[in-house]
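Working notes for the structure below.
Derivation of every value follows stated rules applied to the coordinates shown; laboratory data play no part. Bear in mind the structure is a predicted one, so any value in this text is a computation, not a measurement. Quick reminder, even Gly has a Cβ in these numbers, built from the backbone with ideal geometry, and neighbours come from all protein chains shown.
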Amino acid sequence: MIPATPYSATAKLAHWLIAALILAAFPLGLYMHELSLSPEKLRLYSYHKWIGMTVLLLFMPRLLWRLVRPPPALLPGPAWQLKLAEATHWLLYLLMAAVPLCGWLMSSAKGFQVVYLGLVPLPDLVGKDQALGTLLADLHSSLAWALMVLIVVHAAAALKHHLIDRDDTLRRILPFVKLPSGDTRP
Amino acid sequence: MISPRIAGVAVLLLAGAAQAVEFNQVQPEKTKLVFTSKQMGVPVDGGFGRLTGQIRFDPAEPSAASARLEIDLSSIDAGSAEATEEVVGKQWLNVKAFPTAGFQSTSVKALGGDRFEAVGQLTIKGQTRELTAPFTFKQEGAAGVFDGVFVLKRLDFGIGEGTWSDVSTVANEIQIKFHVVAASQHENVLQPH
Ligand code: HEM
């Protein structure tokens, strides 16, 4: 029996906060994109950008925290699953930064400065360039879809651990859950 | 003691200098009209490509100056293809019904140094409002360069009706910058290139 070590409270908070923000930004991005130009569209574009920039803002401390305070080791399982889990986690980190960064680049290229929460003007990362803007929009969309696919795989794996393997993989990152030590199944 | 003769020559020279420079040939290709609107707090730049006008301006005699400018509204660039398509429409500039906007000065006065102020009638979308626009004047070679900035309240002219009249998304204030270049009639004589 290996006692399951929970994630730190900070890691849990960062995980669920960023997950919620990404899961809000994604459908909002799909929806707003289809609207014809209207005040509502302008509002939603801004909300989308602010949510996404918050993800980017939280990403740095989250990554630092992970490097300073490594998460508990993965629970035992077949080697290929451990490798896959590890790879998925790093790819998730990569995309959770790349998607909003690409959005910011796109916004600059299209000639729209990002003003965080309507209050803090952020620098333009590149000059206005329509062709580059269109390219970055496609890239932003593709990366966002890749992120979503990865999130689905990641969540499906967590559910499989919880429902089929009945181990603590999911529980140890859930907020407000205390793990009775030694609760894990072999 | 200055002899009356020398004084007379000086007066003639001054008068001659003042008369020699009336800037009255607007150069459309060097003249620029740009604006900045604010959308959700984000400044978005745009401009107009075609502008014509008649100006008469002698810096020594600003009160005799006059300006008439006409802007071809279909030459607007609102910052993105989507916005440009939108703003020529009925709710914004309604360019089909009102293809041009115009400014006709009523008075010009000196504010000191190279600063002046023009007052006049601005007509957009069939509505006329008084406009006061401070500007600077600089002579560059044979050309006179007028630079000014003023704030236009779009709702005064019904620019952005219906849902667009909500100023929390697109602000009411639009900053307009003009850069007008006008040559003096004797350009080629004064400044052979
Ligand atoms: C976690 C962060 C983000 C996610 C998951 C995300 C996701 C998406 C998705 C799914 C779309 C729709 C793509 C399409 O339908 O083609 C989209 C569009 C867009 N996103 Fe994001 N986004 C994020 C962050 C950002 C940021 C930070 C910005 C800008 C600062 C941004 C700017 C945009 C813009 C401007 C569009 C519309 C593109 C267009 O109209 O062509 N996004 N986003």
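Values computed for the structure shown
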{"quantity": "Meets criteria (surrounded by fewer than 13 Cβ atoms within 10 Å (Cβ to Cβ) and not in a loop (DSSP other than H, G, I, E, B)) for B:E86", "calculated": "no"}
{"quantity": "Odd one out for B:I71, checked against (1) within 28 Å of A:G111 (Cα to Cα); (2) surrounded by fewer than 17 Cβ atoms within 10 Å (Cβ to Cβ)", "calculated": "(2)"}
{"quantity": "Exclusive hit being aliphatic (A, V, I, L, M) and within 14 Å of chain A (Cβ to nearest Cβ), set B:V42, B:V95", "calculated": "B:V42"}
{"quantity": "Output for the stretch A:119-135, where each listed residue is surrounded by 14 or more Cβ atoms within 10 Å (Cβ to Cβ) and more than 12 Å from the ligand (Cβ to nearest atom)", "calculated": "A:V126, A:K128, A:D129, A:L132"}
{"quantity": "Boolean, A:L159 is without any contact (Cβ under 8 Å) to a residue 12 or more places away in the chain, among the hydrophobic types (A, V, I, L, M, F, W, C) and more than 14 Å from the ligand (Cβ to nearest atom)", "calculated": "yes"}
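Residue by residue, here is whether (1) within 8 Å of the ligand (Cβ to nearest atom); (2) farther than 17 Å from B:G41 by Cα; (3) within 11 Å of the chain's Cα centre (by Cα) holds:
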site: A:S8; (1), (2), (3): no, yes, no
site: A:K12; (1), (2), (3): no, yes, no
site: A:A20; (1), (2), (3): no, yes, yes
site: A:E40; (1), (2), (3): no, no, no
site: A:R66; (1), (2), (3): no, yes, no
